[in-house]
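The values are calculated or read from the model by the stated rules, or taken from the named source; none is laboratory data. Since the model is a prediction, treat every value here as computed from it, not as a measurement. In this analysis, Cβ positions are derived from the backbone assuming ideal geometry, glycine residues included, and neighbour counts consider all displayed protein chains. Protein only, heavy atoms only, side chains kept; ligands, DNA and RNA dropped before computing areas. Shrake-Rupley method; radii C 1.70, N 1.55, O 1.52, S 1.80 Å.
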Amino acid sequence: MLIGVLGALLGGGSGDKTAKESTPAAAAPSAPATAPESKPSSAAPEKKAAVDVVAKKAEFKKSIIAQGDEYTSVSVTITNNSSKPINVNPLYFAITDTNGTKHMAELGADEDQIATVELAPGENVIGAITGKGAFTAKTVTYTDGLIGKGVRADVS
């Protein structure tokens, strides 16, 4: 049975390759050269813009949990432009300062901390990301999940 399954897979795979090879060759001369270029260029920005991050300087609003006043906050707006829900969590953010030092988010330090939410397609959330210490924020990076792809925004 195993040999039969492997034979069917290998035999079916080579037949598909032949069909795929002949189809694009036949379709390529009849299709205009500009059509393939317009499809990738319109598809590429959609993938890059699946999650939109906007970061602005913000005043630190000390919460009762914060220890001292040496914190830097950035107001962040996350918009889900994809067709799937995304998760937002303060732990998914990092602030990079003008010296290139990365600061992880301090939980509960700012009263306006960004909420932990799931954003449906088209939804957005606004909140503060706060790093320990006084520094000048240059960029904010949002990572969808702890190991997802990061989206970086300049702080304006």
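Among strands (runs of 3 or more DSSP E) lying entirely in segment 47-120, which contain 1 or more residues that are of a type in the set (K, R)?
51-58, 102-104
Tell me the residue from S63, S75 that is in contact (Cβ under 8 Å) with a residue 40 or more places away in the chain and open to solvent by 30 Å² or more (accessible area, probe 1.4 Å), please.
Testing whether each residue is in contact (Cβ under 8 Å) with a residue 40 or more places away in the chain and open to solvent by 30 Å² or more (accessible area, probe 1.4 Å) leaves just S75.
Among the listed residues K57, K48, identify the single one that is at pLDDT 50 or above, surrounded by 10 or more Cβ atoms within 10 Å (Cβ to Cβ) and among the basic types (K, R).
After ruling out the rest, the residue left standing is K57.
Find the residue count for segment 120-156, including only residues that are surrounded by 13 or more Cβ atoms within 10 Å (Cβ to Cβ), within 14 Å of P90 (Cβ to Cβ) and not β-branched (V, I, T).
Counting residues in segment 120-156 that are surrounded by 13 or more Cβ atoms within 10 Å (Cβ to Cβ), within 14 Å of P90 (Cβ to Cβ) and not β-branched (V, I, T) gives 6.
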